[in-house]
1. Which residue out of Glu19, Glu25 is in contact with an Asp or Glu (Cβ under 8 Å, 6 or more places away or on another chain), closer than 19 Å to Leu495 by Cα, surrounded by fewer than 23 Cβ atoms within 10 Å (Cβ to Cβ) and free of Cβ contacts under 8 Å to residues at least 60 places away in the same chain?
2. Where in the range 441-560 are there helices (runs of 4 or more DSSP H), lying fully within it, with 3 or more residues that are over 28 Å from Asp116 (Cα atoms) and aliphatic (A, V, I, L, M)?
3. Can you tell me which residue among Arg437, Arg477 is in contact with a strand residue (DSSP E or B) (Cβ under 6 Å, 6 or more places away or on another chain) and in contact (Cβ under 8 Å) with a residue 40 or more places away in the chain?
4. Which residues, counting only those in the range 365-395, are within 20 Å of the chain's Cα centre (by Cα) and either crowded, with 22+ Cβ neighbours inside 10 Å or not assigned by TED's automatic domain parsing to the domain that holds Ala323 (or both)?
5. What's the total number of residues in the range 426-438 that are in contact with a Pro (Cβ under 6 Å, 6 or more places away or on another chain) and either among the hydroxyl-bearing types (Ser, Thr, Tyr) or part of a helix (DSSP H, G or I) (or both)?
6. Would you please name the residue that is modelled with the lowest pLDDT, looking only at residues in the range 121-145 that are closer than 22 Å to Met176 by Cβ and within 27 Å of the chain's Cα centre (by Cα)?
7. For Arg33, are the conditions met, namely being within 30 Å of Ala229 (Cα to Cα), charged (D, E, K, R) and either in contact with a strand residue (DSSP E or B) (Cβ under 9 Å, 6 or more places away or on another chain) or not assigned by TED's automatic domain parsing to the domain that holds Leu424 (or both)?
8. For residues that are more than 20 Å from the chain's Cα centre (by Cα) and surrounded by fewer than 21 Cβ atoms within 10 Å (Cβ to Cβ), scanning just the range 404-424, find the one that is nearest to Pro535 (Cα to Cα).
Amino acid sequence: MGETADIIITNGILITMDESRPRAEALAIAGGRIVAVGDAEGIAPLAGPRTRVVDARGATVLPGFNEAHIHIFPGSVALDQLSLAGVTGEAALRAQVRARDAAAPGPGLLIGKSCDYTILGTERSLDRGLLDEILPDRPLLLVAPDHHTAWANTAALTAAGLLHGRALPAGNEIVMGADGLATGELRENAAFGPVEAIGPTGGREGAGLVTGRDPEPAPGTAEREADLAALRKGLAHLASHGITSFQNMDGNPYQLDLLSELERRGELLCRARVPFHFVPEMPLSALDTASEMAARHGSPRLSSGTVKLFIDGVLDGWTALMAEPYADRPDWCGEPRFEEERFHAIIAEADRRGLQVAVHAIGDRAVNMVLDGYEKARAANGPRDSRHRVEHIEVALASDIPRFAELGVIASVQPPHPPGQAGLPLEPTLSRIGKPRWPLAYPWAALRAAGAGMLFASDWPVSPVDPLAGVAAAMTRPKWDADQPDNRQTLMQALEGYTLAGAKAEFREHEKGRLAPGFLADIVVLDDDLEAADPEEFPEIRPVLTICDGAVTFEDEDAF
């Protein structure tokens, strides 16, 4: 311990995630690594004339948060779009949309995000007729919080060529009315992607979700710089919430290239892992792109190596794939986005290439199909430490719960997502699931009891990116009825889900996710003691200092 530190953090309550030293008071950073962890007296001699000493004032210090399921490009762009979070009722919706139209007038598409399925109540749904009344002469698109359903007015549907319907891939739907015209409800990305494409960004931020390919036409210099500016803003937003790493869950070479450019400019504030999104229209050879992305980007700051797929949609839009019919739609189970045999062949080939696979699977039949695919890939290619993932797992079959641990599959779940959490309404989700399935809906307790590796995330911009709000949601989740299992998590389980578990998911637990000597200096200092606070207060607790790779990426200057 003779090395002079660049930064010392002292007088803190360090929750280290390191079993050999779970708690500490201070640490020292040099050359982008943690060089010492211990008590304040032992760390103090590492200070030199140029060392910055940070007094944590008895507050919690943690490994930097690892946001292991987000959509960085759409989330970054959404920061400048109209948010309808918390808006209820036609009058309030009308006021919000018209106010944004007045503040940013013009003929271009107006987009509103986080529009609840029940914004008009449980008895009435949005349609183009109402949206035409609100904004008749300008294209309007309202997007649900889960980003799997949107509603468009007639001007938007006409401009996107959707008013009379269009053939779409399985699992996507333009809802048609009795008059032979679109009602305005668009289910899944292939349905509303064409509307986003007429917007101010040309839908470039959504290409990694909608097509998995680069934007067409190729962005020019001005468009590229606008996209870089949006990502800078998004990265700063993450850093302000104590996030030092994120794992994207959509991707294409263009998005990875933008982040690589920011890395070259010294502006990549967070470590990033970006997948290749394989969509149903692609041939199996498209996995060459995933392999190339992995080979080309493998720096400590930016990496690839994951293939992302969607096998189904969401419960609220009846696009999740269920083993038995929806409780409120007894003739419908949803449909898979991929034919099952082909889906399993894609997983097996990705696994053969040594790529990690992450699949969005919300319905119980969807989860089952994914686990079957992982099991078949293991049989075909031999067992390995693949760390394949299932994203969301909002309903599961009891027989599938033990398979996560048996197959070494990571359960990636989002604490803000269950109905009734983080301001979300109970309906229509609970009625879609049906009470008999509630015990295995969002089954965190069952997964943990069965030994599954679990990580927590927000799915930003579906939910706010704040990890502390996610920790609070994990710890305070209410039951829907007395017979439901208690799915609440402990503080340490929740913190691990946002730190060390994320590092494990990207094969980097040997250097990330802990406050330990030799580990990367990715650290967040909070303004309060988490262990002394009520979890309900966690969303009010803020980061005051975020450090990534030994450099300060966010600082609340009023705190020091």
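1. Going through Glu19, Glu25 in turn, the sole match is Glu25.
2. 444-449, 491-497, 500-505
3. None of the others qualify; the one that does is Arg437.
4. Within the range 365-395, Ala366, Val367, Val370, His388, Arg389, Val390, Glu391, His392, Ile393, Glu394, Val395 qualify.
5. Summing the residues that are in contact with a Pro (Cβ under 6 Å, 6 or more places away or on another chain) and either among the hydroxyl-bearing types (Ser, Thr, Tyr) or part of a helix (DSSP H, G or I) (or both) in the range 426-438 gives 2.
6. Ser125
7. Yes; evaluated as a whole, the condition is true for this residue.
8. The selected residue is Ala405.
The values are calculated or read from the model by the stated rules, or taken from the named source; none is laboratory data. Given the structure is predicted, the values throughout are model-derived calculations rather than measurements. Using ideal geometry, Cβ is built from the backbone for each residue, glycine included, and neighbour counts are taken over all protein chains shown.
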